[in-house]
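Comments concern the structure below.
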Amino acid sequence: MYILVINCGSSSLKYQLLDTVTRNPLAKGLVERIGMSGSGLTHRPAGKDAKAAVLEIPDHTVAIRLVLDTLVDPTYGVMQNLGQIGAVGHRVVHGGEEFAQSALVTAEVMKGIEDCVELAPLHNPPNIAGIKACQKLMPGVPQVAVFDTAFHQTMPREAYIYGLPYEMYEKYKIRRYGFHGTSHKYVSQRAAVLLQKPLASLKLISCHLGNGSSITAVRGGKSVETSMGFTPLEGLMMGTRSGNLDPAIVSYIMRKENMDFEQINDFLNKRSGVLGVSGVSSDFRDIEAAAQQGNGRAQLALDIFAHDVKEYIGAYAAILDGVDAIIFTAGLGENSAGMREAVCGGLSYMGVAVDPEKNKVRGEEVDISAEGTRCPILVIPTNEELMIALETEEVVRGL
Ligand code: ADP
């Protein structure tokens, strides 16, 4: 089945048209600066030249119209007609407690997604705009919502309730939700295939390390604990996010630096993390390069990050009562041999050790653990678009 996967941000739209039989994309692309000057489309059809165009794109409906036209364009297209699209899968960031699974978009489901806007005010509204635009332009084609939070709905209460008065959960839905669920689910499933063992029998620690990073403990294919929380700010220090802090630091900085709520939010989400510590960049490639040239603060940022990841691996091995494999994925996890080595160093008591030769591999699924060690260390490139397409197909297959 051909599935169109849509990931709508406030001013951007990423898309892929995937064939679920071959599991390959027929085309992928990006619409940028929606509603701004200089908006445009970059379209990459498989086996053909890419197309880049600058044109006025005032809203998400125009953006999706453009994507659909391009997919059937005589030169750059990859299909005869739009009727070949079996369903559309939408990435939706927050599904709250409403959605533990992907859902066919109905009026009721739409209301559920709208109810979660308060929990993700920057993300859910553009996701909703994308769904509405597709409903308008492709009437009759099933739309499916795939949530970043859904995979983590299996966490037990002791993992998701915070140490606050319980009314905060009841009144405001304050609890751990977790994010990157589509990625953690995908790499867990791939790990079972690589290990040739049933997913139901495995205890996995999935490390999604990118610009945003989170770690998840997966038992029997289900998330039982994850490092991101009520928002993606919790957990590991990230590109620009602080990660875990003593909560008292927040009001202390607000007072000392005279910041209001918006400013502290911006400070913790956009100016902290490895960017804030290193003063160099939020991009780990720049930080690794600076550290190699002797920049002490860049090295400190790398050391803190590796320390944080290691701390979570230890904690989650305790939560899981053992670990059958550690998974590295996303930009940094897939590409940085140095970070993988730093994280896994000193974990020999857990049967974890990296083989330096195998660790050189990039962009492939591979076990980089040293010969004779007990715990496989898997590098698995994530593929959230494929996961969204497969989930979408599963939802619409029964229709
Ligand atoms: P996002 O959270 O934006 O989806 P990605 O998963 O694409 O992020 O990861 C992006 C990050 O991965 C970049 O910030 C970069 O620091 C890191 N990265 C990508 N390639 C490399 C590499 N070869 N070495 C080190 N870090 C890398």
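The values are calculated or read from the model by the stated rules, or taken from the named source; none is laboratory data. Computed from a prediction, not measured in an experiment: that's the story for all the values here. Cβ: placed from backbone, ideal geometry, glycine included. Neighbour counts: every protein chain shown.
Here are the numbers for the structure shown:
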quantity: Lone unmet requirement of (1) under 21 Å from the mean Cα position of the chain (by Cα); (2) modelled with pLDDT of 95 or more for HIS123; calculated: (2)
quantity: Cross-chain or 6+ apart pairs with Cβ under 6 Å, the range 210-223 first and touching a residue at least 24 places away in the same chain (Cβ under 8 Å), then within 10 Å of the ligand (Cβ to nearest atom) and among the hydrophobic types (A, V, I, L, M, F, W, C); calculated: GLY210/ALA330; GLY210/LEU332; GLY212/MET238; SER213/MET238
quantity: Strands (runs of 3 or more DSSP E) enclosed by the range 186-244 - at least 1 residues per element that are in contact with a His (Cβ under 9 Å, 6 or more places away or on another chain), of a type in the set (Val, Ile, Thr) and at pLDDT 95 or above; calculated: 213-219, 222-226
quantity: Residues within the range 292-332 that are under 20 Å from SER242 (Cβ atoms) and either among the hydrophobic types (A, V, I, L, M, F, W, C) or within 14 Å of the ligand (Cβ to nearest atom) (or both), tallied; calculated: 12
quantity: Any hit, the range 247-265, residues being within 16 Å of the ligand (Cβ to nearest atom), assigned to a helix (DSSP H, G or I) and either out of contact with any His (no Cβ under 9 Å at 6 or more places or on another chain) or modelled with pLDDT of 95 or more (or both); calculated: no
quantity: Residues of the range 369-399 satisfying the condition of being free of Cβ contacts under 8 Å to residues at least 60 places away in the same chain and part of a loop (DSSP other than H, G, I, E, B); calculated: ALA370, GLU371, GLY372, THR373, ARG374, CYS375, PRO381, GLY398
quantity: Given (1) in contact with a helix residue (DSSP H, G or I) (Cβ under 8 Å, 6 or more places away or on another chain); (2) surrounded by fewer than 23 Cβ atoms within 10 Å (Cβ to Cβ); (3) among the aliphatic types (A, V, I, L, M), index of the condition VAL31 fails; calculated: (2)
quantity: Count of residues meeting criterion [of a type outside the set (Gly, Ala, Ser), buried (at least 19 other Cβ atoms within 10 Å of the Cβ) and not in a strand (DSSP E or B)] in the range 69-95; calculated: 6
quantity: Residue satisfying condition, being of a type in the set (S, T, N, Q) and either over 21 Å from the mean Cα position of the chain (by Cα) or surrounded by 20 or more Cβ atoms within 10 Å (Cβ to Cβ) (or both), within set THR154, THR149; calculated: THR149
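For every residue, the table says whether it meets (1) closer than 26 Å to TYR2 by Cα; (2) in contact with a helix residue (DSSP H, G or I) (Cβ under 8 Å, 6 or more places away or on another chain); (3) among the polar types (S, T, N, Q).
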| residue | (1), (2), (3) |
| --- | --- |
| LEU104 | yes, yes, no |
| ALA120 | no, no, no |
| PRO139 | yes, no, no |
| GLU158 | no, no, no |
